[in-house]
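S.K.: I am attaching a structure below and will ask some questions about it afterwards.
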Amino acid sequence: MFKQGNFPLNNLLTPMNELEIIPFNGVGKIKLGMNQNDLRAAVGSPPDNIPAHTNSGIEFPESDYFLESAIQVTYDPTTGLVDWIGFNDNIPFKLLFNGVDLFDTEVNEVVAHSKRRGKLDENDSELGYSFNFPELGICFWRESITEDLLSELEDADENDKEWMLEDIENSKHFQQVSIFREGYWSE
């Protein structure tokens with residue numbers, strides 16, 4: 001059983017330590033539309049909470065961060081219910097979508113797999129970093145674009161090549177997968 005600090009996660013995990021995304025629903029016991037208390041009980045670990053706030057004119061909803069930010073949650077400012085859940089690549093379980101491991105499978109394969117189930121938002125201003133599937137309620141994100149890094153590697157100093165090669169390998173996989181309620185990105 002995985003433990004984060006003194007908080008066992010056996011109430012969250014399956015026997016295989018795998019959880020499957022159900023579009024517009026949730027992942028395991030973590031569900032979109034839950035209230036804050038129910039969500040916190042489902043995760044079973046105390047959150048770091050950031051109240052709703054405004055920064056540089058941008059409004060940010062209330063958020064909970066669990067397991068050293070491996071799971072992030074935002075709450076709708078009107079209803080107080082979960083409207084977005086992010087899973088980072090440091091989660092203590094495998095995150096699946098229709099049987100595909102979203103963090104161990106390369107970006108191109110995850111995107112092709114998802115395109116067979118829903119339409120990619122080709123107009124996303126961050127396309128390449130972000131792959132948003134509004135019809136599925138799923139968005140994938142990576143820190144860097146592999147092709148851009150490969151291009152930069154050609155002109156890099158020898159001292160920089162080692163860390164750049166590591167960044168290239170990391171860019172082949174997503175760092176975050178998020179799920180969201182219907183209409184989340186259209187508001």
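The values are calculated or read from the model by the stated rules, or taken from the named source; none is laboratory data. All figures in this text were calculated on a predicted structure; none of them were measured in a lab. Because the Cβ atoms are built from the backbone with ideal geometry, glycine has one as well, and the counts that use them run over all protein chains shown. Please note that ligands, DNA and RNA were not included when accessible areas were found on the heavy atoms of the full protein model with its side chains. Shrake-Rupley method; radii C 1.70, N 1.55, O 1.52, S 1.80 Å.
S.K.: Do we have TRP185 as more than 21 Å from the chain's Cα centre (by Cα) and not polar (S, T, N, Q) here?
M.R.: When the stated conditions are applied, TRP185 does not pass them.
S.K.: Could I ask something else about it? Need pairs with beta-carbon distance below 8 Å; first residue more than 13 Å from GLY128 (Cα to Cα) and within the range 168-182, second assigned to a helix (DSSP H, G or I) and open to solvent by 10 Å² or more (accessible area, probe 1.4 Å); sequence gap 6+ or separate chains.
M.R.: ILE168/THR146; ILE168/LEU149; ILE168/LEU150; ILE168/LEU153
S.K.: Give me a count of the residues in the range 73-88 that are open to solvent by 20 Å² or more (accessible area, probe 1.4 Å), closer than 13 Å to LYS31 by Cα and free of Cβ contacts under 8 Å to residues at least 60 places away in the same chain.
M.R.: 1
S.K.: Please tell me if ASP124 is in a loop (DSSP other than H, G, I, E, B) and not polar (S, T, N, Q).
M.R.: So ASP124 passes the test.
S.K.: How many residues does the range 132-163 hold that are in contact (Cβ under 8 Å) with a residue 24 or more places away in the chain, in a strand (DSSP E or B) and out of contact with any Pro (no Cβ under 7 Å at 6 or more places or on another chain)?
M.R.: Here the count works out to 4.
S.K.: Here is a follow-up. Scan (1) more than 17 Å from the chain's Cα centre (by Cα); (2) open to solvent by less than 10 Å² (accessible area, probe 1.4 Å) for the single condition ASP64 breaks and write down its number.
M.R.: Condition (1) is where ASP64 drops out.
S.K.: With respect to ILE168, determine if the residue is of a type in the set (A, V, I, L, M, F, W, C) and either within 19 Å of the chain's Cα centre (by Cα) or open to solvent by 60 Å² or more (accessible area, probe 1.4 Å) (or both).
M.R.: The answer is no for ILE168.
S.K.: If you don't mind, another one. Return the residues of the range 109-123 that are touching a helix residue (DSSP H, G or I) at 6+ places or on another chain (Cβ under 9 Å) and open to solvent by 30 Å² or more (accessible area, probe 1.4 Å); say none if nothing qualifies.
M.R.: ASP121
S.K.: Looking only at the range 171-181, which residues are open to solvent by 30 Å² or more (accessible area, probe 1.4 Å) and either modelled with pLDDT under 90 or part of a strand (DSSP E or B) (or both)?
M.R.: GLN176
S.K.: Looking at PRO51, PRO47, PRO23, which one is out of contact with any Phe, Trp or Tyr (no Cβ under 6 Å at 6 or more places or on another chain), at pLDDT 90 or above and surrounded by 17 or more Cβ atoms within 10 Å (Cβ to Cβ)?
M.R.: One residue alone meets the criteria, PRO23.
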